[in-house]
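Undergrad: Questions regarding the structure given below will be posed in turn.
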Amino acid sequence: MPEGPELHMASLFVNRMCAGVVFSGDVEKSEVSKNPNVPFRCDAYRITARSRGKEVCLTLTPIKGQIKAAQTAEPMDVVFRFGMSGHFSFTSVTDLPKHAHLRFYTTDCPPRVLSFVDTRRFGRWHPSGSWQPDRGPCVILEYESFRGNVLSHLSDKAFDRPICEMLLNQKFFNGIGNYLRAEILYRAKIPPFVKARSVLESLETKYKEEVTGKEKTDHAGEGSRSERSDFLRLCHTVPMEVVEMDRKGYEPQNADYSGFVTWLQCYNVEGMNSLRDRNGRTVWFKGAPGPMTPKDAKTPKTKRIKKTDYTMTEEKKQSKTSNNIQSEERTGTSKQNGRTKAQRKTRASVLKSNQDRAKRPKGLLRVGEGTNKTSGTTRKGRSAGAAGKCAALKINFFYFLMRKAHLLQSHSARVMELEGEG
């Protein structure tokens, strides 16, 4: 599921691709999507994007001087939540992705299209929407507000839960998801199933001193050395590491995940432990899980990531190229022969079967074959066992008829004998 870094990179992608581009016409929605229509129509407008935690907002702004009657004159915000597989794509109309459920067309000739692509259709958009009020400040773009929101609510009952479950609470950790929580806890060397308040209460005193002005801190830069090493600072710096991997934006359709897999230190990595929390989500960690481990916690069966599989060395690149060439050559040879590999295999098995049958002496039958009386050759038919059973049934039925006839005869004779005695 896309998390804060992915949505932030999606906003960077939209701003980079749509800079200076003019859009026009209706906003189209696919027929299969259950999301609402976007009632926006303008002959000339621009699109900009911004992110906040696990949400992205597209702003559609009409260009002044090019607005006609019956067109939208005011900007409109469309807020997106990506679900499991949502992302943005910017392509030509002919290369439109299959699952493009919301489309914005440019005035170019030929036109291009910015589309929201969602294969699993879990994503949502809201025309004239706003940020969800129950989500906290963004861990990436609003670090100081995020930090203050957490430390000022440590008395909340939510912080009685394990820290691994608390990290997925978007009211306080907006933008943190499953892979980020594993990486943050691993770097902080904190077991996942310890009480969240016990992890954060050491930072509460310092926060109160900052609020009352007893201690000055550098909020303009990265902060003090102790702040950079604390848990809440990691909730900001770890997502930023993901963002720094690709400053060009978020392009899942052409993405190379080898760098991301190499960056992972804990999440789904070989040698790490895993358990399901009370919400059924898998958490990865190293060492002991902690005192608040659920009694019925189970280790899910998951395939661990092998980083060597994603490391593209020169040898692997050459091997991949060589394999592609060989595959193309095999395909070409197959087409020239007029038969596919499966057809050739079937034909070979038939020829082998005919050769084996020709080598067998006459009269030697396999199970499932009988003898053709006219030609003396073997044929598929009833097996000897089946023929024997049929013969046995016929004989039994014959004896049954004879026995019945004998009983009838005996019964008739007895009747006549009784009548004579009477």
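Rundown of residues vs (1) in a strand (DSSP E or B); (2) not basic (Lys, Arg), yes/no style:
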| site | (1), (2) |
| --- | --- |
| Leu96 | no, yes |
| Arg103 | yes, no |
| Trp125 | yes, yes |
| Asp134 | no, yes |
| Leu141 | no, yes |
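Undergrad: Need pairs with beta-carbon distance below 7 Å; first residue among the acidic types (Asp, Glu) and within the range 18-39, second open to solvent by 70 Å² or more (accessible area, probe 1.4 Å); sequence gap 6+ or separate chains.
TA: Asp26/Arg41
Undergrad: Could you please let me know if Pro111 is open to solvent by 40 Å² or more (accessible area, probe 1.4 Å) and of a type outside the set (D, E, K, R)?
TA: yes
Undergrad: Could you list, in sequence order, all residues of the range 78-88 that are touching a Lys or Arg at 6+ places or on another chain (Cβ under 8 Å) and either among the polar types (S, T, N, Q) or open to solvent by 10 Å² or more (accessible area, probe 1.4 Å) (or both)?
TA: Residues satisfying the conditions are Arg81, Gly83, Met84, Ser85.
Undergrad: Hey, does the range 64-72 have a residue that's open to solvent by 50 Å² or more (accessible area, probe 1.4 Å), within 29 Å of the chain's Cα centre (by Cα) and not aliphatic (A, V, I, L, M)?
TA: no
So that you can scan it fast, the table gives a plain yes or no per residue for (1) crowded, with 16+ Cβ neighbours inside 10 Å; (2) touching a Phe, Trp or Tyr at 6+ places or on another chain (Cβ under 9 Å):
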{"residue": "Phe90", "(1), (2)": "yes, yes"}
{"residue": "Val93", "(1), (2)": "no, yes"}
{"residue": "Pro97", "(1), (2)": "yes, no"}
{"residue": "Phe122", "(1), (2)": "no, yes"}
{"residue": "Arg135", "(1), (2)": "yes, no"}
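The values are calculated or read from the model by the stated rules, or taken from the named source; none is laboratory data. Owing to the predicted nature of the structure, the values given are computational and were not obtained by experimental measurement. All Cβ positions, even for glycine, are placed from backbone atoms using ideal geometry, and neighbour counts span all protein chains on display. Ligands, DNA and RNA are excluded from the accessible area calculation, which covers all protein heavy atoms including side chains. Shrake-Rupley method; radii C 1.70, N 1.55, O 1.52, S 1.80 Å.
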